[in-house]
Structure formats: C-alpha cells, structure tokens
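**Q** Below: one structure in structure tokens.
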Amino acid sequence: MGIVGSDFPREHLDFWRNRSVNLDGLQIQDGKTFHWHGRYHMDMNARDTLDTQLGVFGDFHPVVPEEYTHSPLVFLANIQPELQLEVLQQMPRAQFTVLDTMELWINTSRAQLTEVMKQVDVLLMSEEEVRQYTNQSSILTAVRHFFTLGLKYVVVKLGSYGALLFGADGTYFSAPSYPLEEVVDPTGAGDSFAGGFLAISRRFSQMLRDAMLLMILSARLCMGILLDLLPVRILVLVA
C-alpha cells in the first residue's frame, strides 16, 4: 500500500504488475512523489538527511482494500506515525505486527510514534535511532525501555555489522552481515531488510533466527551483492 505522484514512472509499476504483485492498495494522485535526499558518511553506517519532500504523502490517507484486511501479518513501513495508526485501525485480524520508522518521525512526531509502538509486536530501528529515541548510550537499557511500551521484540539494525534481536521473554540473537568489498548504495536496504524478516516471520513464533539472517541478506542484495558469491546454505534459506 502507498501513494505515488503523477511523476512516478509507469514502467516501474508495470514491472510489478507483470510479476503478479498486487497493487490494489496503491494510490496515484496529481503531484510529486515522496522524495528523500541524503549524504552517507565514509563507512555508510551513518547518514545526514539533506532534504525530505513529502509530496502527495502530505495529504495521504491509506485506504486498505477489503482483500488486504484478512491478512494476519501487518508491516507498517516507514511513513508518518499517524498514517501507520490509520492502517492498524483497518486491520482488525492482525496477529503479528511489525513497525519500521526513522529519525524524521522521532524528531517531529515522537508522541504519535510512541502510540504506534504501544500497539505493535515488533520494532525495527537502527542503532543510532534507538539511542536518539531513548537518550540512552546502552543499547540493552534502551531496549528495556521499549519493552515497557508492550513490544514483544526489538530488532536493532547495525548497518554493515549486522543486527541484534531482543525479546521481552529474554530472547537474544546476534546476526552478522555478509561482508562487501564495495557498497553500491544502501538506500532502500532497510526496506529490503524488513521484507526478509516478514518473509519468514509469517510463521509467527518460529524461525526468528532464520528471519534475521534472511533480512540481512535481503538488505545486502539491495546494495548490489552478486548471488554467485553467496554460501549455498544461505541461498537455500532464500529459496
């Protein structure tokens, strides 16, 4: 689900339609598509946001197609917290909910973001954003704060170093990343990261470790990694 402006290239939409991807939840309106512009630091783990233009997202209100409301799995991608809440309210059958966010919403919509956190099961957040939100230098202390909001799991993204999974039940797992000699562009890696997690976690209580490994692999693929360089075991996991 989402919205794009009239400037969005139609060939990209055709690419997904030709692969049987359901786009019923996508709105197309006159105006500019959401735009983000930033500068990555030398190690690619940190970035500076230079420009954010909401475009048609500024007046967007998601309308969940009836077909989608039967899904037990909901991923709230990185948009305004108010819109994430609107999606949740339209998904009464949700059994497993995952939230992604970014520094912009921590700075501008903290109260609304906190409200979303109280209503979901899993939070995906970068190490830098975890410290920014909680004002804690210790990741473990920060994660414990999130659990007081009712979250069941917190996934802390460590950029090129992998990710950490924390569970309110004491679950802990550290997943290393697949090393790359050259990073093409990490923009969009977080979305691929989340997609890998959702691909496995649809089984809910099982295979969280495999979900961690798959989402890290998905993020690396986004950055231009070649499939023929991957270990066979990980390729089997993707399949």
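**Q** For Cα pairs less than 8 Å apart in space and 6+ apart in sequence, what is the mean separation divided by the residue count of segment 127-187, i.e. the relative contact order in percent?
**A** 20 percent
**Q** Report in % the part of the accessible area of segment 45-98 that belongs to carbon and sulfur, leaving out ligands and nucleic acids; probe 1.4 Å.
**A** Within segment 45-98, the accessible surface is 51 percent carbon and sulfur.
**Q** Could you name the aspartates and glutamates whose alpha carbon sits less than 12 Å from that of K32, not counting residues in the same chain fewer than 8 places away?
**A** Of all the aspartates and glutamates, those that pass the test against K32 - Cα under 12 Å, at least 8 places apart if same chain - are D7, D59.
**Q** While we're on this one: How high is the relative contact order of segment 1-123, in percent, counting Cα pairs under 8 Å that sit 6 or more residues apart?
**A** 19 percent
**Q** Viscosity 1.306 mPa s, temperature 10 °C: Stokes-Einstein D of segment 74-141 from its Kirkwood Cα radius, in µm² per second?
**A** Translational diffusion coefficient: 129 µm²/s.
**Q** Would you mind checking which residues have amide H under 5 Å from S177's amide H? H placed 1.01 Å from N; only 5 or more apart, or other chain.
**A** G162
**Q** Another question, if that's okay. What part of the accessible area of segment 104-148, given as a whole %, is carbon or sulfur when the probe is 1.4 angstrom? List each step's numbers first, then the result.
**A** Values: 940 of 2140 Å².
Accessible surface attributable to carbon and sulfur in segment 104-148 totals 44 percent.
**Q** Residue by residue through segment 125-138, what is 3J(HN,Hα) from phi via Karplus (6.51 cos²θ - 1.76 cosθ + 1.60, θ = phi - 60°)? Round to whole Hz and write x for glycine and proline.
**A** Values, residue by residue: 8, 6, 4, 4, 6, 4, 5, 5, 5, 8, 6, 10, 7, 7 Hz.
**Q** Please give every one of the lysines within straight-line cross-link reach of K118, meaning a C-alpha to C-alpha distance under 21 Å, and leave out same-chain neighbours fewer than 8 residues apart.
**A** Partners found: K152, K157.
**Q** With every protein chain kept in place and ligands, DNA and RNA left out, what is the accessible area per residue of segment 1-55? Probe 1.4 Å, answer in Å².
**A** 71 Å²
**Q** Using amide H atoms built in the peptide plane, which far-off residues or other-chain residues are under 5 Å from L123 H to H?
**A** L99, Y153, V154, V155
**Q** Also: Rolling a 1.4 angstrom probe over the protein heavy atoms, how many square angstrom per residue are accessible across segment 94-193?
**A** Heavy-atom accessible area per residue stands at 47 Å².
**Q** Taking 1 over the mean of 1/r across every pair of different Cα atoms in segment 23-101, what Kirkwood radius in Å do you get?
**A** After inverting the pairwise mean of 1/r, the radius is 14.6 Å.
**Q** So, one more: Compare the Cα positions of H61, L50, L13 along the charge dipole of segment 2-109 (+1 at Cβ of Lys, Arg; -1 at Cβ of Asp, Glu; about the Cα centre) and return the one farthest towards the positive end.
**A** Ranked along the dipole, the leading option is L13.
**Q** For W16, what accessible area in Å² do you get when you roll a 1.4 Å probe over the heavy atoms of the protein chains, rounding to the nearest 10?
**A** Its accessible surface works out to 120 Å², give or take rounding.
**Q** So what are the ³J(HN,Hα) numbers for segment 157-163, from phi and the Karplus equation (6.51, -1.76, 1.60; θ = phi - 60°), rounded to whole Hz, Gly and Pro as x?
**A** 7, 10, x, 6, 9, x, 7
**Q** Using θ = phi - 60° and the Karplus relation 6.51 cos²θ - 1.76 cosθ + 1.60, list the HN-Hα couplings for segment 168-173 in order, rounded to whole Hz, with x at every Gly or Pro.
**A** 4, 8, x, 4, 8, 8
**Q** If segment 35-181 were replaced by its equivalent ellipsoid, with semi-axes equal to the square roots of 5 times the Cα gyration tensor eigenvalues, what would those be, largest first, whole Å?
**A** Gyration-tensor ellipsoid for segment 35-181: 25, 21, 15 Å.
The values are calculated or read from the model by the stated rules, or taken from the named source; none is laboratory data. Just so it is clear, the structure is predicted and the values come from calculations on it, not from any experiment. Positions of Cβ are generated from backbone atoms using ideal geometry, with glycine treated the same way; all protein chains shown enter the neighbour counts. Remember, those area values only see protein heavy atoms, side chains included, never the ligands or the DNA or RNA. Shrake-Rupley method; radii C 1.70, N 1.55, O 1.52, S 1.80 Å.
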